[in-house]
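Worksheet: the structure to be examined is printed underneath.
The values are calculated or read from the model by the stated rules, or taken from the named source; none is laboratory data. Since the model is a prediction, treat every value here as computed from it, not as a measurement. Here the Cβ positions follow ideal geometry from the backbone for every residue, glycine too, while neighbour counts run over all protein chains shown.
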Amino acid sequence: MQTALDILLTVSFWAAALRIATPLIFGVAGAVLCERAGVLNLGIEGIMTAGAMTGWLVVHLGAGLWGGVLVAALTGALLGLLVAGLTVSLGLSQHVSGLAVTLLATSASYFGYRLALPAAADPPRIVPFAPLDLPVLSDLPVLGPVLFRQTALTLLALGVIALLAWFLARTPLGLAVRAVGENPAAVEAQGIDVHRLRIGAVVAGSALMAVGGAFLTLSAFNAFFFEMVAGRGWICIALTVFAGWRPAKALLGAVLFGAFDAFQVRLQQVAGGAVPGQVFLMLPYLLSIAALLVGARNARAPKALMTPYIRGER
Amino acid sequence: MIRLQPRSETPRLLALAVPVAAALAALALAAIPLALAGAPIGRAYATMLEGAFGSRFALAEVLTRATPLIFTGLAAAVAFRARLYNIGAEGQLYLGALAAVAVGAGAVDGPPALVTPLVLAAGALAGAALMLGPALARVLLGADEVVTTLLLNFVVLLLVQMMIEGPMKDPMSLGWPQSEPLIDAAQLPKLIERTRLHAGLLGALACALAVHVLLSRTVAGYAIRAVGAAPAAARFAGLPVAGTLVGVGALSGALAGLAGAGEVAGVKGFLAADLSPGYGYAGIVVAMLAGLSPLGTVAAAFFVAAVFVGADSMSRAVTVSSYIANLIVAMALIAVLVAGILTRYRVRLARAGSA
């Protein structure tokens, strides 16, 4: 018990928690945006993989790190357009379409990686984002190391959540996005194009998801590995339900998740050997399932989630 | 302007033509990544065809790979019919394989006629048990089964790694993490000597027929279809919606578990972490290509298996990554989704504004 408290009270622990949470914050922000507009985007796992691969690849080929982030976002937007085309324009099953895009984006990423690097046994490395060193801010006690010695992408993730919360709650367009997820027919009656709104939300949300993937290759690690996304996309979908589709709670969920993950890594070092490592590796997935079950009881999903809107049909 | 008019029923020929067209379209689209890789397109397709159908052994290999795909395809098809989206076939396959090893690697002994059914039953039970959780969570809590089953896939794979590196590890495997081998009496007989083709194929075909009969000829099958087509109406008609969903979940999990038990008892003889190259996920593609028809699943599994076997030879002959197979299969899924619109709607050319 003493060791558990010791772990929770260290500054480095909370810094690690936020670092681990960063790709999830991007992913869950993207998922919240898509789902508030009424589209469950199960392309997320593949979109994050594609973002991780393309972002890393262009940096490896000589682009700057922010160039990598931009390319990842564009790749995500493009895949989002595919998701939206299938689920919004054609009104196909959001479950199956999303999985199809995940399968496509994942295999295309792996194929593309092998295409660019035919025989790289040891994956080539890039120079990733360095931790920030801001005057004054980075030297603050506790807050400095936890917030301002992260990489720029972590701060960007926090900014994205704030922006998303403001956008959904305070702007006319945000209101329209929420309305289109609750009652698309009413939005249509206002003379607003339901499909265009939904497509826009899915494209923007997918771009965010891809940046979350790019964080893995451009900040957390410095190379691309097969299966490196490892279910983070699915975890984001579970966290979205847990958060009741609200951005602030999504941030909280992602950070709690990151804290739990950082905690199990440290506990593993303490308990090392007594328990097989796989038990610890299972915990994040089991925790996500638990979060989903808790969230599913209380949460109120957007009413039109997973219902395609076809003009003139009720 | 193009207008879509709902069809009241789908012409049989069209229902057959759509998946075939989608499969061909996916194969044609594969020319793009092949061209990007700088491969000679014509030779690539020729070696692919040759690799899948060029010899008796190639064909036997296709049928060997089609066997688990029929099982996982059926698992997806029967669940999707009830709109229970079981995406956990990969995890259920591995848990089924784990159970098969637990029973078949010496725990029970006797004549093959006794041990083999026990091994397969253990696999089916394990798969069913794993799917019960997500099905119950969906029915009782409204938790989306897609996410729970997907997350469980990761948990089960870690559990398998833990078992084959720990308690179930074969001490004779020279450090490789793999389970102890099944005893001879637990192994499925080979159908053709000197190939990998085993009796599991017959089991898969029998299951396809059984699921077909279940769905089309029984009360339970009617309930499954009704729950999938219109849950509210099914509830109003007094059908046990929750019970049907849980039952169909157990059946789906059992079929996926059989895929794993069959791979262990028929092909590998032991369990390793690379038992399945994604048969669980490919099963979804198989089911969609089959239009969720159990008998169609057999043909779709044969196609997907042929793509995998053919792409293996092709990737060696023209040196492109073997991920081309996964790419083709994913494109086939998207193609069949889009083409499926033709079976549900009539495409009409109409003047704008005339509704």
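Table: residues versus (1) under 27 Å from B:LEU136 (Cβ atoms); (2) not aliphatic (A, V, I, L, M).
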position: B:GLY203; (1), (2): no, yes
position: B:VAL227; (1), (2): yes, no
position: B:VAL241; (1), (2): yes, no
position: B:ALA256; (1), (2): yes, no
position: B:GLY260; (1), (2): yes, yes
- Item | Breaking point among (1) surrounded by fewer than 19 Cβ atoms within 10 Å (Cβ to Cβ); (2) of a type in the set (Val, Ile, Thr); (3) part of a helix (DSSP H, G or I), for B:VAL285 | (1)
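Kindly indicate which of A:ALA50, A:ALA105, A:ALA84, A:ALA72 is hydrophobic (A, V, I, L, M, F, W, C), under 19 Å from the mean Cα position of the chain (by Cα) and at the interface with chain B (Cβ under 10 Å from one of its Cβ atoms).
Answer to the selection: A:ALA105.
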- Taking the range A:243-257, which residues are farther than 17 Å from A:ILE289 by Cβ and either at pLDDT below 90 or in a helix (DSSP H, G or I) (or both)? A:PRO247, A:ALA248, A:LYS249, A:ALA250, A:LEU251, A:LEU252, A:VAL255
- Message: Within the range B:259-278, take every residue that is assigned to a helix (DSSP H, G or I) and touching a Leu at 6+ places or on another chain (Cβ under 6 Å) and give me the one that is nearest to B:VAL115 (Cα to Cα).
- Response: B:ALA265
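Residues checked against (1) within 20 Å of B:MET288 (Cβ to Cβ); (2) in contact with a Gly (Cβ under 7 Å, 6 or more places away or on another chain); (3) within 14 Å of another protein chain (Cβ to nearest Cβ); (4) not acidic (Asp, Glu):
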site: A:HIS60; (1), (2), (3), (4): no, no, no, yes
site: A:LEU65; (1), (2), (3), (4): no, no, no, yes
site: A:GLY68; (1), (2), (3), (4): no, yes, no, yes
site: A:SER97; (1), (2), (3), (4): yes, no, yes, yes
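The rows are residues; the columns are (1) of a type in the set (Lys, Arg); (2) at pLDDT below 95; (3) buried (at least 24 other Cβ atoms within 10 Å of the Cβ).
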| site | (1), (2), (3) |
| --- | --- |
| A:ALA4 | no, yes, no |
| A:THR10 | no, yes, no |
| A:LEU24 | no, no, yes |
| A:GLY30 | no, no, yes |
| A:GLY46 | no, no, yes |
| A:ALA63 | no, yes, no |
| A:GLY68 | no, no, yes |
| A:VAL71 | no, no, no |
| A:LEU79 | no, no, yes |
- Would you point out the residue of the range A:108-149, among those that are more than 14 Å from chain B (Cβ to nearest Cβ), among the charged types (D, E, K, R) and without any contact (Cβ under 8 Å) to a residue 24 or more places away in the chain, that is nearest to B:ASP312 (Cα to Cα)? A:ASP122
- Residue tally, condition under 26 Å from B:MET162 (Cα atoms) and either buried (at least 18 other Cβ atoms within 10 Å of the Cβ) or of a type in the set (A, V, I, L, M, F, W, C) (or both), over the range B:227-276: 25
- Query: Can we say B:LEU159 is over 30 Å from A:MET306 (Cα atoms), at pLDDT 95 or above and within 13 Å of chain A (Cβ to nearest Cβ)?
  - Reply: yes
- Task: Give the range B:153-179 a look and list any residue that's of a type outside the set (D, E, K, R) and assigned to a helix (DSSP H, G or I), or say none.
- Result: B:ASN153, B:PHE154, B:VAL155, B:VAL156, B:LEU157, B:LEU158, B:LEU159, B:VAL160, B:GLN161, B:MET162, B:MET163, B:ILE164
- Check off (1) more than 18 Å from A:ALA238 (Cα to Cα); (2) not in a loop (DSSP other than H, G, I, E, B) for A:VAL32 and give me the number that stays unchecked. (1)
- Go through B:LEU125, B:LEU93 for me and flag whichever is in contact (Cβ under 8 Å) with a residue 40 or more places away in the chain, within 29 Å of B:VAL146 (Cβ to Cβ), surrounded by fewer than 24 Cβ atoms within 10 Å (Cβ to Cβ) and of a type outside the set (Asp, Glu). B:LEU125
- Query: With respect to the numbered conditions (1) under 20 Å from the mean Cα position of the chain (by Cα); (2) surrounded by fewer than 20 Cβ atoms within 10 Å (Cβ to Cβ); (3) within 13 Å of chain B (Cβ to nearest Cβ), which one is the sole condition not fulfilled by A:ASN298?
  - Reply: (1)
- Item | The listed residue being on the phi > 0 side of the Ramachandran plot and either away from every other protein chain (no Cβ under 14 Å) or modelled with pLDDT of 95 or more (or both), out of B:GLY296, B:GLY269, B:GLY262, B:GLY283 | B:GLY269
- Task: Scan the range B:16-55 for residues that are without any contact (Cβ under 8 Å) to a residue 24 or more places away in the chain, assigned to a helix (DSSP H, G or I) and either over 28 Å from B:ALA287 (Cβ atoms) or within 14 Å of another protein chain (Cβ to nearest Cβ) (or both) and report the count.
- Result: 7
- Out of the residues in the range B:306-339 that are in contact with a helix residue (DSSP H, G or I) (Cβ under 7 Å, 6 or more places away or on another chain), part of a loop (DSSP other than H, G, I, E, B) and more than 16 Å from B:PRO277 (Cβ to Cβ), which is farthest from the other protein chains (Cβ to nearest Cβ)? B:VAL318
- Item | Top-ranked residue of the range B:137-152 - restricted to ones that are in a helix (DSSP H, G or I) and within 8 Å of another protein chain (Cβ to nearest Cβ), ranked as surrounded by the most Cβ atoms within 10 Å (Cβ to Cβ) | B:LEU150
- surrounded by fewer than 18 Cβ atoms within 10 Å (Cβ to Cβ) and within 13 Å of chain B (Cβ to nearest Cβ), is that true of A:ALA274? yes
- Does the range B:332-349 contain any residue that is crowded, with 21+ Cβ neighbours inside 10 Å and more than 24 Å from B:ASN153 (Cβ to Cβ)? yes
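Would you mention how many residues in the range A:284-295 are of a type in the set (Gly, Ala, Ser), more than 7 Å from chain B (Cβ to nearest Cβ) and touching a residue at least 40 places away in the same chain (Cβ under 8 Å)?
2
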- Query: Could we say that A:PHE215 is in contact (Cβ under 8 Å) with a residue 40 or more places away in the chain and over 22 Å from A:VAL160 (Cα atoms) here?
  - Reply: no
